[in-house]
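Enquirer: Before I ask anything, here is the structure I am working with.
The values are calculated or read from the model by the stated rules, or taken from the named source; none is laboratory data. Everything numeric in this text was worked out from a predicted model, so none of it was measured. No Cβ is skipped: glycine too gets one built from the backbone with ideal geometry, and neighbour counts run over all protein chains shown.
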Amino acid sequence: LPSLGVLDQMAPNMFSNQRYHAGSNHLLVPTGLLHASLGVGAFSVIRVHKTSSLLIGRQYPAEVTASFDPAARQLLKSVGHSARMWNPMLGRVIGLMAVAGPVPEDAASKPDARYTLPAIELRRLIGEAKAAGESFALEYARLDTLEPPNGAASAEAWRAKSKGTHVTYTYDAASGSAKCHVGKGLLAGLLSPCAPDEVALLPPPPWWATKLAAFQPLPILTGEGWGEVHCYGP
């Protein structure tokens, strides 16, 4: 299933650091084989910039660096590691109470909390936040291709800096209404409303899809010169 690209939860990413969306980084075996045939709408690469949703911010990207002892972080830095770690699978499979380390309420709004994930996973997150009765805002970029145009060597720069289509989505729980616009700036909302098939406006995936198509976010490190997908998972 991971090689086909319909699942990366429970995949061996914690041992291989393999990328299951946004292009393959495996030396021999491709990943995401079905993404192109199943459609960009389901598996387009989404870069989440920030959100005011506490539920989404706690669920992803699930950085657990604060649970490490300072001496452990220093040891990691001494051998060239970033001394940062993420564990989104733990919160998704067991529950948010199992994610180690404090989770500041503004965690998902910080610039270094950006991450990518397939569109179908973003639809799941939005559906969960709405079901929880949250009013929230979400900003993301929908990247233009399913994988880096220049191959694996450019993957991290592409995930971090590719322009894509900037989308701002807001949801008001009291009225059950949503607003969505494309672009940036004060006039963007007036001039460029989202198309009906914009990812944020699509319904959550059906129950069976949430069990079969489960994806982890890939964290984006900014300002640290990291050239490969960072280790994540248990």
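Enquirer: If you check Ala66, Ala36, which single one turns out to be touching a Gly at 6+ places or on another chain (Cβ under 8 Å), at pLDDT below 85 and assigned to a helix (DSSP H, G or I)? First the steps, then the outcome.
Expert: Values: Ala36 fails: touching a Gly at 6+ places or on another chain (Cβ under 8 Å).
Only one candidate passes the filter, namely Ala66.
Enquirer: Across the range 111-133, which residue is nearest to Arg92 (Cα to Cα) among those that are surrounded by fewer than 16 Cβ atoms within 10 Å (Cβ to Cβ) and under 14 Å from the mean Cα position of the chain (by Cα)? Steps first, answer last, please.
Expert: Our first condition is that a residue be surrounded by fewer than 16 Cβ atoms within 10 Å (Cβ to Cβ); within the range 111-133, this holds for 111-112, 127, 131-133.
Imposing the further condition that a residue be under 14 Å from the mean Cα position of the chain (by Cα) reduces the set to 111-112.
Details: Pro111: 23, Asp112: 21 Å.
Checking each candidate, the answer is Asp112.
Enquirer: So, one more: Quick one: is Leu75 among the aliphatic types (A, V, I, L, M), part of a loop (DSSP other than H, G, I, E, B) and modelled with pLDDT of 65 or more? Spell out how you get there, then give the answer.
Expert: Working: among the aliphatic types (A, V, I, L, M): yes; part of a loop (DSSP other than H, G, I, E, B): no; modelled with pLDDT of 65 or more: yes.
Considered against the rule, which asks whether it is among the aliphatic types (A, V, I, L, M), part of a loop (DSSP other than H, G, I, E, B) and modelled with pLDDT of 65 or more, Leu75 comes out as no.
Enquirer: Ok, one more. For the range 152-193, which residues satisfy the criterion of being among the aliphatic types (A, V, I, L, M) and either at pLDDT below 90 or not in a strand (DSSP E or B) (or both)? Steps first, answer last, please.
Expert: Here is the first cut: in the range 152-193, the ones among the aliphatic types (A, V, I, L, M) are 152-153, 155, 157, 160, 167, 173-174, 178, 182, 186-188, 190-191.
The answer is Ala152, Ala153, Ala155, Ala157, Ala160, Ala173, Ala174, Leu186, Leu187, Ala188, Leu190, Leu191.
Enquirer: Which residue pairs have Cβ atoms under 6 Å apart, sit 6 or more places apart or on different chains, and have a first residue in the range 155-175 that is among the aromatic types (Phe, Trp, Tyr) and a second that is part of a strand (DSSP E or B)?
Expert: Tyr169/Leu138; Tyr169/Cys180; Tyr171/Phe136; Tyr171/Ala178
Enquirer: Would you say Leu138 is surrounded by 16 or more Cβ atoms within 10 Å (Cβ to Cβ), of a type in the set (A, V, I, L, M, F, W, C), under 14 Å from the mean Cα position of the chain (by Cα) and at pLDDT 95 or above? Walk me through how you get there before you give the answer.
Expert: Numbers: surrounded by 16 or more Cβ atoms within 10 Å (Cβ to Cβ): yes; of a type in the set (A, V, I, L, M, F, W, C): yes; under 14 Å from the mean Cα position of the chain (by Cα): yes; at pLDDT 95 or above: yes.
Criteria met by Leu138.
Enquirer: Quick one: how many residues across the range 46-63 are at negative phi and in a loop (DSSP other than H, G, I, E, B)?
Expert: Matching residues across the range 46-63 total 4.
Enquirer: State which residue pairs qualify: first residue more than 13 Å from Glu156 (Cβ to Cβ) and inside the range 208-234, second residue modelled with pLDDT of 75 or more and acidic (Asp, Glu) in any location, beta carbons under 7 Å apart, and separation of 6 or more residues or different chains.
Expert: Phe215/Glu121
Enquirer: Answer yes or no as to whether Arg114 is charged (D, E, K, R) and at pLDDT 85 or above. Walk me through it before giving the result.
Expert: Working: charged (D, E, K, R): yes; at pLDDT 85 or above: yes.
Answer is yes for this residue.
Enquirer: In this structure, is Ala83 at pLDDT below 85, aliphatic (A, V, I, L, M) and assigned to a loop (DSSP other than H, G, I, E, B)? Explain how you work it out, then say what you get.
Expert: Working: at pLDDT below 85: yes; aliphatic (A, V, I, L, M): yes; assigned to a loop (DSSP other than H, G, I, E, B): yes.
It is true that Ala83 is at pLDDT below 85, aliphatic (A, V, I, L, M) and assigned to a loop (DSSP other than H, G, I, E, B).
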